[in-house]
Structure formats: structure tokens, C-alpha cells
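Would you mind keeping the following structure in view while I ask a few things?
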Amino acid sequence: NHMERLIDGYESQQNRFNAPGEKLIGYTIDGQIVAVCGLNIEPENESFARIRRLYVLPNYRKQCIGSELVKHLINHATTSFLGVNVNIGRLPIDEFYQKLGFSRSETCNKYSHLLKF
């Protein structure tokens with residue numbers, strides 16, 4: 001579902017991760033893309049960015065690839081934003097983002113985790 005939404009957004013030009021400060025990155029092994037992750041401007045507060053479309057192929061999970069991608073985007077975001085948020089929905093990845101320095105947000109229904117710089 002994440003990859004379909006990424007492709008649909010790109011093809012429809014709704015989200016190409018190309019606004020100032022935004023970025024879309026991938027991780028390759030032996031020439032194959034095994035993971036992707038993007039950074040968008042947060043629509044509710046343009047001083048913040050949002051991690052979006054993090055996806056790692058099942059055979060490559062638990063190898064720190066997702067962490068590397070998110071860390072890269074956090075570093076990139078420090079030059080343009082006051083922080084980064086993410087909305088994990090019902091995915092069981094709360095601990096993943098907390099290990100990366102994000103705090104769980106109980107007060108905002110637009111995102112689940114926040115990392116202020």
C-alpha cells in the first residue's frame with residue numbers, strides 16, 4: 001500500500017517530494033531498490049517536516065536500513081525545519097521511532113510522533 005501510494009502520488013504530480021526542503025531517498029543493494037523514505041513539508045505547520053512512505057522490503061527488514069534512511073532525512077531536515085513528525089497509524093513501530101529520538105504525541109491527531117530540533 002505504501003509503495004502504491006508513493007507511485008500514485010508521483011505519477012499524478014500530487015507529491016513528488018520536490019518542494020523546498022523536501023526529499024525522497026532510496027536504498028539499493030546490488031542495484032535493487034530495497035527501501036524508500038520521503039520527507040515532506042508538514043501541511044499543518046510549514047516549520048516542520050513529516051517523514052512519509054518509509055518502506056523496506058520484507059527480506060531486508062531488521063538490518064537498520066529504515067533507521068539509516070530516517071536518520072539521513074532528519075539530518076537533511078535540520079537545515080530547513082524546526083523538527084520532524086510522523087504518523088504511524090496502527091503500525092506496530094512506536095519503538096522504532098522512539099529509538100530515533102521521537103517522542104510520542106498524545107495531544108495531536110495529525111501525527112503520532114514528534115522530534116524537535
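In straight Cα distance, which lysines are under 16 Å from residue 23, not counting same-chain residues fewer than 8 positions off?
71
Another one. Each residue of region 44-61 in turn: what ³J(HN,Hα) in whole Hz from Karplus with 6.51, -1.76, 1.60 and θ = phi - 60°, glycine and Pro shown as x?
The phi angles translate into 7, 7, 5, 7, 10, 10, 10, 6, 9, 6, 6, 8, 10, 3, x, 5, 10, 6 Hz.
Compare 29, 65, 88 in a GNM of the chain, Cα atoms joined below 10 Å, and give the one with the largest fluctuation.
Most flexible of the set in this elastic network: 29.
Please compute one quarter of the surface area of the Cα convex hull for the chain and express it in square nanometres. Could the numbers behind the result be given before it?
Details: hull surface 29.8 nm².
Taking the Cα atoms of the chain, their convex hull projects to 7.5 nm² on average.
Using the Karplus curve 6.51 cos²θ - 1.76 cosθ + 1.60 with θ = phi - 60°, work out ³J(HN,Hα) for each residue of region 94-100 in order, rounded to whole Hz, and write x for Gly and Pro.
For region 94-100, the Karplus-derived couplings read 4, 4, 4, 6, 5, 5, 8 Hz, x marking Gly and Pro.
Pull up all non-local amide H partners of residue 54: gap of 5 or more, or a different chain, and H-to-H distance under 5 Å with H placed in the peptide plane.
Excluding prolines and chain starts, which carry no amide H, the hits are 38.
Could you work out the local net charge near residue 93, counting Lys and Arg as +1, Asp and Glu as -1, over the other residues with Cβ closer than 11 Å to its Cβ? Don't skip to the answer; put the middle values down first.
Working: positive: 61, 90, 99; negative: 94, 95.
Once all neighbours under 11 Å are counted, the net charge is +1.
Can you tally the net charge around residue 42? Count Lys and Arg as +1, Asp and Glu as -1, for every other residue whose Cβ sits under 15 Å from the Cβ of residue 42. Don't skip to the end; give the middle numbers.
On the way: positive: 23, 50, 52, 53, 110, 116; negative: 22, 44, 46.
Once positives and negatives cancel, what remains is +3.
Using alpha carbon centroids, what distance separates region 19-40 and region 52-93, in Å?
Region 19-40 and region 52-93 have Cα centres spaced 10 Å from each other.
Okay, next question. Full extension from residue 33 to residue 91: what is 0.36 nm times the residue separation minus their Cα-Cα distance, to one decimal in nm?
Working: separation 58, 0.36 × 58 = 20.88 nm, distance 2.24 nm.
Additional length available on full extension: 18.6 nm.
Let me ask another. Ordered by residue, what ³J(HN,Hα) values in Hz, to whole numbers, does region 69-78 give under the Karplus form 6.51 cos²θ - 1.76 cosθ + 1.60, where θ = phi - 60° and Gly and Pro are x?
5, 5, 4, 4, 5, 4, 4, 4, 5, 4
Coordinate-derived values only; no laboratory data. Everything numeric in this text was worked out from a predicted model, so none of it was measured. Note that we place each Cβ from the backbone using ideal geometry, even for glycine, and neighbour counts take in every protein chain shown.
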